[in-house]
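Heads up, the thing below is written out as C-alpha cells.
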Amino acid sequence: MKYVLATAPAIEPVTLAEAKIWARQDIDIDDALFTALNTAARQSAEQFLDGRVLISQDWKVYLDLCEFMDAMTCRKLVLPKRELISVASIRYRAASDQALADFVTWDASNYLIDTVGGRILLAQAGSLPTVYGPYESCVEITFKAGYGDAADKVPEPIKSAIKVHIAAMYENRAADAAMPDASKLLLTPYRVMSV
C-alpha cells in the first residue's frame with residue numbers, strides 16, 4: 001500500500017498568535033520561523049499519532065491486486081489515515097494497457113464507508129470489481145481525512161502538544177528537534193491503535 005498527500009491542510013491547528021503566546025514571544029521578526037515550526041510540529045504530531053491527521057486533507061491510496069482483494073474478501077479495507085471524513089472515489093485498472101487516468105470508477109453502491117473505524121466495507125449486496133492484475137497500484141482510493149476544516153475541531157490536548165513542541169524547537173534551534181516528552185504524553189491518548 002502506498003499513500004500520497006493530494007491536498008495539504010489549508011490551515012494549521014495552532015495559529016501563529018497562539019504559538020507565539022505559548023513561546024512567550026511578542027515580536028514579529030520570527031514570524032516566518034514560527035510558521036515553519038508550526039507546520040513541522042503538526043507533521044510530527046501526525047506521525048506520532050500513527051496515521052491520524054488533524055485538519056482536513058485529501059489523500060490517495062494505491063493498492064496492488066492482492067492487497068485490495070485480500071481486504072475486500074474479508075469485507076473491509078482499513079485506510080491508513082484517520083479521522084475518515086469521506087471517500088471520493090475508488091478506481092481500478094480494468095485492462096492491461098489502461099493508464100491511471102483511464103481507470104474505471106467502482107460504483108459506490110458496492111461499498112459502505114465506516115468513518116468511525118476508518119474503513120471501506122463491502123456492501124451486503126455489493127460485488128467486487130474485476131481488477132486487472134498483478135500490477136502494483138491497480139486500485140486507487142481518494143479520500144478525505146481529518147477532524148475538520150477548522151482548528152477548533154482539533155482536541156485541545158493535541159493543540160497543546162503542538163504548542164509545547166513549537167516552543168521547544170524555538171528555544172533550542174541548534175539542538176535536537178525531537179518531540180518533547182510532554183507533547184508525547186498529551187498525544188498518547190489519541191494514537192491510532194491496531195487491534
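Nothing in this text is a laboratory measurement; each read-out follows from the coordinates by a stated rule. Remember, it's a predicted structure, so these values are computed and weren't measured experimentally. In this analysis, Cβ positions are derived from the backbone assuming ideal geometry, glycine residues included, and neighbour counts consider all displayed protein chains.
Annotations
- Candidates TRP22, TRP59: the one that is surrounded by 17 or more Cβ atoms within 10 Å (Cβ to Cβ) and either in contact with a Phe, Trp or Tyr (Cβ under 7 Å, 6 or more places away or on another chain) or among the β-branched types (Val, Ile, Thr) (or both) is TRP59.
- Scan the range 35-67 for residues that are closer than 30 Å to ALA23 by Cβ and either in contact (Cβ under 8 Å) with a residue 60 or more places away in the chain or outside any helix (DSSP H, G or I) (or both) and the total you get is 17.
- Residue list for the range 68-78, filter: crowded, with 18+ Cβ neighbours inside 10 Å and assigned to a helix (DSSP H, G or I): PHE68, ALA71, MET72
- Restricted to strands (runs of 3 or more DSSP E) entirely inside the range 106-179, those with at least 2 residues that are of a type outside the set (Val, Ile, Thr) and out of contact with any Phe, Trp or Tyr (no Cβ under 8 Å at 6 or more places or on another chain) are 111-114.
- Of all residues in the range 163-189, those satisfying the criterion of being surrounded by 20 or more Cβ atoms within 10 Å (Cβ to Cβ) and closer than 25 Å to THR115 by Cα are LEU186, LEU187.
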